Amino acid sequence: MSKKYQHLFFDLDHTLWDFDTNAKETLIELFDRYELAQHGLFEVQDFISLYTENNHALWRAYHLGEISKEALRDTRFKKTFRELGLPEALIPLQFEEDYVKESPHKTNLFAGAHEVLQALQPHYQMHIITNGFQESSELKLTKSNLKPYFKEIFVSEVIGKYKPDIALFQHALAVAGCEAKDAIMIGDSLEADILGAKNAGIDQIYFNPHLQAHSVDCNYEIAHLSELLGILA
Ligand SMILES: [Mg+2]
């Protein structure tokens, strides 16, 4: 049986690299390091829930062009601490910088990531397309031992184009030396990965581990990475 695809393009955050678990681990470590429990105002779980809510709201505002990334980073922890009742003078100013610096060192991946990539590697040319930053993407891939599986790594910050921009997919296809019909994109974002790839003429596999309801038409949908082996074998 001949394979339908030659090239696999993977998203990184929330598809291979378990962003939420890695973020949570980092937040717990920093909460302890800054001894935030000692004020008796809030528990680590309250802090994480409110931060997560604020962070999502600020990212939404950023994507709508309402705030800059600098404003987002300057605001998300300070706002959370204020809302939890921490007096201004006790707000740790290094928290944001520490979080951004330390979280990419975390190595939690989605279940089966290494096994699946190992099984696919002899049969496909595999690449990453991430809407990330150069330094943090490099750290995530290196620290979690993902880098050796991939031939090309396309980082939006470096290329200056962001998924779902068709230009980013076309750039990736050109560099990888592959036609759209020979490629498939695997990712967790319906907009960035699935619609982006579809508009570039590339088939798509939607990774939907939380079984979110949606109405986007895609070629395949999986809830666990191991299902890739059934589709791509
Ligand atoms: Mg993603």
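The single condition among (1) in contact with a Gly (Cβ under 6 Å, 6 or more places away or on another chain); (2) touching a residue at least 60 places away in the same chain (Cβ under 8 Å) that Gly187 does not meet is (1).
Criterion applied to Leu72, Leu117 was being touching a residue at least 24 places away in the same chain (Cβ under 8 Å) and in contact with a helix residue (DSSP H, G or I) (Cβ under 8 Å, 6 or more places away or on another chain), and the one residue passing it is Leu117. For the stretch 124-171, a residue qualifies if it is without any contact (Cβ under 8 Å) to a residue 24 or more places away in the chain, closer than 20 Å to Leu190 by Cβ and either in contact with a Lys or Arg (Cβ under 7 Å, 6 or more places away or on another chain) or hydrophobic (A, V, I, L, M, F, W, C) (or both), and exactly one does: Ala167. Being touching a residue at least 24 places away in the same chain (Cβ under 8 Å) and either more than 16 Å from the ligand (Cβ to nearest atom) or surrounded by fewer than 16 Cβ atoms within 10 Å (Cβ to Cβ) (or both) is a description that does not apply to Gln45.
Residues in the stretch 1-23 that are among the hydrophobic types (A, V, I, L, M, F, W, C) and either assigned to a helix (DSSP H, G or I) or free of Cβ contacts under 8 Å to residues at least 12 places away in the same chain (or both): 3 in all.
Does Thr26 satisfy the criteria of being within 16 Å of the ligand (Cβ to nearest atom) and in a helix (DSSP H, G or I)? Spelling it out, it is not the case that Thr26 is within 16 Å of the ligand (Cβ to nearest atom) and in a helix (DSSP H, G or I).
Applying the selection to the stretch 200-233, what residues are among the hydroxyl-bearing types (Ser, Thr, Tyr) and surrounded by fewer than 17 Cβ atoms within 10 Å (Cβ to Cβ)? I'd like the intermediate steps shown before the answer.
We begin by selecting, within the stretch 200-233, every residue among the hydroxyl-bearing types (Ser, Thr, Tyr); these are 206, 215, 220, 226.
If the condition is that a residue be among the hydroxyl-bearing types (Ser, Thr, Tyr) and surrounded by fewer than 17 Cβ atoms within 10 Å (Cβ to Cβ), then Ser215, Tyr220, Ser226 are the ones that fit.
Flag: Ala37 does not match the condition of being within 16 Å of the ligand (Cβ to nearest atom) and surrounded by fewer than 20 Cβ atoms within 10 Å (Cβ to Cβ). Count of the stretch 145-167 residues, restricted to those that are within 27 Å of His63 (Cβ to Cβ) and buried (at least 21 other Cβ atoms within 10 Å of the Cβ), is 3. Residue count for the stretch 3-17 satisfying the condition of being near the ligand (Cβ under 10 Å from one of its atoms) and of a type in the set (A, V, I, L, M): 2.
Bear in mind these aren't lab numbers, they're just calculated from the coordinates by the rules spelled out. Because the structure is a prediction, the values reported are computed rather than measured. In this analysis, Cβ positions are derived from the backbone assuming ideal geometry, glycine residues included, and neighbour counts consider all displayed protein chains.
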